[in-house]
Amino acid sequence: MDESNADSVVRRDRFSGGPARGFLSSLDADERIFEADLAVDRAHVVMLTERGIVDDETAESILDALEVIEAAGHDALPAGEDVHEAIETAVVERVGADGGRMHTARSRNDEVATCIRFRLREDVLDALEATLVLRESLRTVASDHAETLAPGYTHLQPAQPTTVGHWALSYERAVARDTARLLDAYDRVDASPLGAAAFAGTTFDVDRRRTAELLGFSTVLENAMDAASSRDFLLETTGALSTLATTLSGLAEDLLVFANRGFVEIADDYASTSSIMPQKKNPDTLELVRAVAGDAAAGVTGSTTTLKGLPRAYNRDLQRATPHVWRTVDAVTEATGVAAGAVVTAEWNAETLAGAADEGFSTATGVADLLAQRGVPFRTAHEVVAQAATDADAGGTPIREALADAASAHLEDSLDSYVEAEALDAALDAEASVASRDSAGGPAPVAMAEQLEAVGESLAADREAIADRAGLLEAADELRMEVVSTYV
Ligand code: ARG
């Protein structure tokens, strides 16, 4: 036993001790999975012992050594090609050759895949939590400003009046889909490759379900070759994060434009200043949030390019695919939190917003709708209002006059034979215009009330889905520690 172990150490030195040693090593990047590897080691040793593959006494010394190694931390690990090798070396240093039994019936291939998934679950849960916080912020803005008039844009040109609340809920809904995508990704990360060994299974009578249970995985990846080789969960997770980052970038851009027009003031905590221009207050945090879409795209491109065309089963390229997901999840989770803070602390300037809400004849669609409701074909109504808009724009003709002229030119009867003055006044008024758009999902107060209620329900359901998953992880941590404590 002693000899074969010493042999393997020697062999490793022979192959990876040269000038490429640093290039081969993932030890620094593996700090991220230090705790995960200890958990995986513990679950594996417990299972081996329960299966009679490792005796109780050996299990005890290995599990004891893992405690000491954990307390000393990642930085105290001996040299090694990666965290898996370094921890094993540290175990052997403490336990002697019997420590090498820890690596019975497994490979670093299934080990690393398990560690990445184990750690990533936690990180995706953090990202999910951040989406909830952002959605809560948006919901707060939406209910506080359900009736605060605001200009709505298409092509960044004044289009139709709406409300700040309607705008805020539009982003809440988009982030809700990002939550759903991340939950979906989570459920596919949450599967155990452990027991696949190098890729072809093992001659030992392992219990893959037991290690999965001890690590809190909901399921086992059945095919061993798939388990050791596949990293589609990295693509899916970076993809979901990148979609979230794209949503964030739009939100940030809107706020930047709104701040530029004086519609909203970003709180000092989310602003920065200039090193030369003393009067400046710049919305830098939102610019950085907008830029994180670039980080996320880098994660998607980096991992996709690394994984593309890899043959079965394990290839060392996989080592370089992993850091992309850490960088992406860190950047996007942080940006989501910052966006939430910037949104909920921003001050909306109702007066400026109301002034801008009917800029550029933004109520024109409502006037055309009114004519259409009074029997004019919508396309004709559109022409009448378009003509009036052009005349009012060019000649400074008051809009009511321009409408009357355009109606006489295009319709059989005069404007007032179609619409009474009061109805026209209402159609031309931004607030009344908003109130009249009460179809499902619209900005009218009744439609907003319905949406706010649905959003509340959706938030509660997602909060529960996330808490359930976090609860399963906690329960598994407790179970594992409890089982381990029966040995040490
Ligand atoms: N550091 C490696 C990685 O991240 C661990 C697996 C090494 N396996 C091997 N066959 N060299 O992928």
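The values are calculated or read from the model by the stated rules, or taken from the named source; none is laboratory data. Here the structure is a predicted model, which is why all the values come from computation and not from measurement. Here the Cβ positions follow ideal geometry from the backbone for every residue, glycine too, while neighbour counts run over all protein chains shown.
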Of (1) in a helix (DSSP H, G or I); (2) aliphatic (A, V, I, L, M); (3) out of contact with any Ser or Thr (no Cβ under 8 Å at 6 or more places or on another chain), Val133 satisfies all except one. Which? (3)
When the residues of segment 299-336 are narrowed to those that are among the small types (Gly, Ala, Ser) and surrounded by 17 or more Cβ atoms within 10 Å (Cβ to Cβ), which ends up farthest from Asp123 (Cα to Cα)? Ala313
Among the residues of segment 17-47, which ones are charged (D, E, K, R) and more than 21 Å from Thr58 (Cα to Cα)? Arg21, Asp28, Asp30, Glu31, Arg32, Glu35
Segment 91-124, subset away from the ligand (no atom under 12 Å from the Cβ) and β-branched (Val, Ile, Thr), residue farthest from Asp184 (Cα to Cα): Val95
Identify the single condition in (1) out of contact with any Pro (no Cβ under 8 Å at 6 or more places or on another chain); (2) in contact (Cβ under 8 Å) with a residue 60 or more places away in the chain that Glu450 does not satisfy, given that it satisfies every other one. (2)
Enumerate the pairs (first residue in segment 113-134 and in contact (Cβ under 8 Å) with a residue 60 or more places away in the chain; second residue anywhere and basic (Lys, Arg) and away from the ligand (no atom under 13 Å from the Cβ)) with beta-carbon separation below 7 Å, excluding pairs fewer than 6 apart on the same chain, so at least 6 apart or on different chains. Leu125/Arg469; Leu132/Arg463
Any chance segment 304-322 includes a residue that's away from the ligand (no atom under 16 Å from the Cβ) and closer than 30 Å to Leu255 by Cβ? no
From Ala476, Ala435, Ala461, Ala444, residue being modelled with pLDDT of 95 or more and touching a Pro at 6+ places or on another chain (Cβ under 7 Å): Ala435
Failed condition for Tyr153, given (1) in contact with a strand residue (DSSP E or B) (Cβ under 9 Å, 6 or more places away or on another chain); (2) touching a residue at least 12 places away in the same chain (Cβ under 8 Å); (3) over 30 Å from Thr322 (Cα atoms): (2)
Of the residues in segment 286-340, those that are under 16 Å from the mean Cα position of the chain (by Cα) and not hydrophobic (A, V, I, L, M, F, W, C) come to Arg290, Gly294, Asp295, Gly299, His324, Arg327, Thr328, Asp330, Thr333, Glu334, Thr336, Gly337
Filter segment 190-217 down to the residues that are among the β-branched types (Val, Ile, Thr) and more than 16 Å from the ligand (Cβ to nearest atom), then identify the one that is nearest to Glu478 (Cα to Cα). Thr211
As an exercise: evaluate Glu412 against (1) assigned to a helix (DSSP H, G or I); (2) farther than 30 Å from Gly262 by Cβ and give the number of the one condition it does not meet. (1)
Unique match (being in contact with a Ser or Thr (Cβ under 7 Å, 6 or more places away or on another chain) and either of a type in the set (Phe, Trp, Tyr) or crowded, with 17+ Cβ neighbours inside 10 Å (or both)) among Leu251, Leu215: Leu215
Would you list the helices (runs of 4 or more DSSP H) that sit entirely within segment 276-383 and hold 1 or more residues that are under 30 Å from Ala228 (Cβ atoms) and at pLDDT 95 or above? 284-307, 317-345
Whether any residue in segment 466-473 is under 19 Å from Leu138 (Cβ atoms) and part of a helix (DSSP H, G or I) is what I want to check. yes
Residue list for segment 23-60, filter: small (Gly, Ala, Ser), part of a helix (DSSP H, G or I) and within 13 Å of the ligand (Cβ to nearest atom): Ala29, Ala36
Criterion: part of a helix (DSSP H, G or I), at pLDDT 95 or above and in contact with an Asp or Glu (Cβ under 9 Å, 6 or more places away or on another chain) - qualifying residue of Ala196, Ala212, Ala240: Ala240
Does His74 meet the test of being farther than 30 Å from Glu450 by Cα, of a type outside the set (D, E, K, R), within 13 Å of the ligand (Cβ to nearest atom) and surrounded by 18 or more Cβ atoms within 10 Å (Cβ to Cβ)? no
If I filter segment 67-82 for residues that are part of a helix (DSSP H, G or I) and in contact with a Cys (Cβ under 9 Å, 6 or more places away or on another chain), do I get at least one hit? no
Residue identified as surrounded by fewer than 19 Cβ atoms within 10 Å (Cβ to Cβ) and in a helix (DSSP H, G or I) among Ala142, Ala180: Ala180
On the basis of being surrounded by fewer than 21 Cβ atoms within 10 Å (Cβ to Cβ) and either modelled with pLDDT of 95 or more or away from the ligand (no atom under 16 Å from the Cβ) (or both), does Leu134 make the cut? no
Restricting segment 78-90 to residues that are surrounded by 20 or more Cβ atoms within 10 Å (Cβ to Cβ) and without any contact (Cβ under 8 Å) to a residue 60 or more places away in the chain, the residue that is nearest to the ligand (Cβ to nearest atom): His84
Among the residues of segment 21-52, how many are buried (at least 17 other Cβ atoms within 10 Å of the Cβ) and more than 31 Å from the chain's Cα centre (by Cα)? 6
